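A.B. asks: First the structure, which I've put down as structure tokens, then a few questions once you've had a look.
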């Protein structure tokens, strides 16, 4: 039961809220979820053991102890005062055993936000429960990566590009330092219905509910990334030799060479299925992300993986049927390589009929990485504009499109979703498992997108660095 003092404090919080400059959900909620609720919740999480003596996951429990949050007085609130103690203080929060370097402390900006929020009345919206998040800890390495990303985005912004959707045209681009090129197709912005109705043959619960989504304009690669393209990134020493005759700007080489490249694979990655003109396969989402960063530095265009919503929007190409040619699955052989016509291996890209927007192999040949964490219930809570379910754990991630290895045609429906799993690298003999290769997923590839709007360096960093690329055995299976 709340004490009279707490009731008074709670009543004071309401009028102060009207003048508050700090937004709880935007400014305070992420700080608490990433730093406090990981420990201070009754059940614990996969990240930390729960602490039932102090539960910061709800408004009611957070205010139970009168000294934790004193609305209007941050200097008397332990939620603030314990975060600004010296590094060697016993009562430092986060605790000393969880703070191994200064970069893991709350930043001055974060502590000042907490201080201001408390002094403004510590407003906490009714009914809002906080969820523990795995903190993406800053390191010296990530600081260097952020510096690199900032330089890449500055280079991209320095080169002129179309300012609006009307200026978007299809283009072919040769990767600097090579003779390898790729094609990009403009995808107009618009609204579509994502998911599938219950009566669609093959429908699964994770494709519901059908919901309206607005997508901003972008370009998408006409075909999936081929070995010709990917091996330039995969084998940097060979790429350096090849570019010697091209006389590239040394500053450009410095940027691309600074991007983290894959380790050498322990097996031949095409598995004898062919390389010239064939889709690159078996890379992790992390490897695909870093390829996008490398290619962005190379070309002066910003590239990334598509979100799950962007992928489905582009695959549908204005259609609403199970497949982008209609509902008649018997036509699948005209548009797709799948289990019954692929000769038990992937095939060269761009050999089947494209979808209405000129994209090849959106269904079949290889399933394709998206940026999203797989959540079977995400559609019920999906944002209406440009949704992205950002990854917080290594499995499962979303791949889309069906593959040469799928006999069942319903797996090649536009709405079908596929969740990644640790079994995709089960034969990898390395411990820990490679962050670069899914050697058991010989059906897996990707294609790139280029949004019309160039992101900020902070946004680009988030696209290219998920922070969850290392396997966690406790989270290995798709949920």
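The values are calculated or read from the model by the stated rules, or taken from the named source; none is laboratory data. Since this is a predicted model, take the numbers as computed values, not measurements. Neighbour counts run over all protein chains shown; Cβ positions are idealised from the backbone, glycine included.
A.B. asks: Checking the condition part of a helix (DSSP H, G or I) and either modelled with pLDDT of 95 or more or more than 26 Å from residue 397 (Cα to Cα) (or both), which residue from 346, 313 passes?
C.D. replies: 313
A.B. asks: Identify all residues within segment 186-213 that are without any contact (Cβ under 8 Å) to a residue 40 or more places away in the chain, in a strand (DSSP E or B) and surrounded by 14 or more Cβ atoms within 10 Å (Cβ to Cβ); write none if there are none.
C.D. replies: Answer for segment 186-213, where residues must be without any contact (Cβ under 8 Å) to a residue 40 or more places away in the chain, in a strand (DSSP E or B) and surrounded by 14 or more Cβ atoms within 10 Å (Cβ to Cβ): just 186.
A.B. asks: Of the residues that make up segment 409-420, is at least one part of a loop (DSSP other than H, G, I, E, B) and surrounded by fewer than 22 Cβ atoms within 10 Å (Cβ to Cβ)?
C.D. replies: The answer is no; no qualifying residue exists.
A.B. asks: Sort out which residues of segment 370-387 are assigned to a strand (DSSP E or B), buried (at least 20 other Cβ atoms within 10 Å of the Cβ) and touching a residue at least 40 places away in the same chain (Cβ under 8 Å), and write them in order of number.
C.D. replies: Passing the criteria: 370, 371, 372.
A.B. asks: With the requirement that a residue be free of Cβ contacts under 8 Å to residues at least 12 places away in the same chain and in contact with a helix residue (DSSP H, G or I) (Cβ under 9 Å, 6 or more places away or on another chain), what does segment 331-353 give you?
C.D. replies: Within segment 331-353, just 341 meets the criteria.
A.B. asks: Can you name every residue in segment 389-401 that is in a loop (DSSP other than H, G, I, E, B), in contact with a strand residue (DSSP E or B) (Cβ under 6 Å, 6 or more places away or on another chain) and closer than 21 Å to residue 448 by Cβ?
C.D. replies: If the condition is that a residue be in a loop (DSSP other than H, G, I, E, B), in contact with a strand residue (DSSP E or B) (Cβ under 6 Å, 6 or more places away or on another chain) and closer than 21 Å to residue 448 by Cβ, then 389, 391, 401 are the ones that fit.
A.B. asks: Can you name the residue in segment 71-93 that is in a loop (DSSP other than H, G, I, E, B) and crowded, with 19+ Cβ neighbours inside 10 Å and is also modelled with the lowest pLDDT among such residues?
C.D. replies: Ranking the qualifying residues of segment 71-93, first place goes to 93.
A.B. asks: Got at least one residue in segment 434-444 being touching a residue at least 24 places away in the same chain (Cβ under 8 Å), under 23 Å from residue 318 (Cβ atoms) and touching a strand residue (DSSP E or B) at 6+ places or on another chain (Cβ under 9 Å)?
C.D. replies: There is no residue in segment 434-444 that is touching a residue at least 24 places away in the same chain (Cβ under 8 Å), under 23 Å from residue 318 (Cβ atoms) and touching a strand residue (DSSP E or B) at 6+ places or on another chain (Cβ under 9 Å).
A.B. asks: Need the failing condition index for residue 183 against (1) surrounded by 15 or more Cβ atoms within 10 Å (Cβ to Cβ); (2) within 26 Å of residue 375 (Cβ to Cβ); (3) touching a strand residue (DSSP E or B) at 6+ places or on another chain (Cβ under 6 Å), just the number.
C.D. replies: Residue 183 satisfies all of (1) surrounded by 15 or more Cβ atoms within 10 Å (Cβ to Cβ); (2) within 26 Å of residue 375 (Cβ to Cβ); (3) touching a strand residue (DSSP E or B) at 6+ places or on another chain (Cβ under 6 Å) except (2).
A.B. asks: Can you tell me which condition residue 337 does not meet? The list is (1) in a loop (DSSP other than H, G, I, E, B); (2) under 30 Å from residue 257 (Cβ atoms), and all the others hold.
C.D. replies: Result: residue 337 fails condition (2) only.
A.B. asks: Check whether at least one residue in segment 264-278 is under 22 Å from the mean Cα position of the chain (by Cα) and within 27 Å of residue 466 (Cβ to Cβ), and report yes or no.
C.D. replies: No; the residues of segment 264-278 include none that is under 22 Å from the mean Cα position of the chain (by Cα) and within 27 Å of residue 466 (Cβ to Cβ).
A.B. asks: Exactly one condition in (1) touching a helix residue (DSSP H, G or I) at 6+ places or on another chain (Cβ under 6 Å); (2) in the same structural domain as residue 321 (by TED's automatic domain parsing) is false for residue 133; which is it?
C.D. replies: Evaluating residue 133 over (1) touching a helix residue (DSSP H, G or I) at 6+ places or on another chain (Cβ under 6 Å); (2) in the same structural domain as residue 321 (by TED's automatic domain parsing) leaves (2) as the failure.
A.B. asks: Residue under question is residue 68, and the condition is that it be modelled with pLDDT of 90 or more, assigned to a loop (DSSP other than H, G, I, E, B) and more than 17 Å from residue 30 (Cβ to Cβ); does it hold?
C.D. replies: It is true that residue 68 is modelled with pLDDT of 90 or more, assigned to a loop (DSSP other than H, G, I, E, B) and more than 17 Å from residue 30 (Cβ to Cβ).
A.B. asks: Oh, and also: What is the number of the single condition among (1) closer than 19 Å to residue 226 by Cα; (2) surrounded by fewer than 19 Cβ atoms within 10 Å (Cβ to Cβ); (3) modelled with pLDDT of 95 or more that residue 258 does not meet?
C.D. replies: (1)
A.B. asks: Here is a check on your reading of the model: is residue 305 in contact with a strand residue (DSSP E or B) (Cβ under 8 Å, 6 or more places away or on another chain) and buried (at least 24 other Cβ atoms within 10 Å of the Cβ)?
C.D. replies: yes
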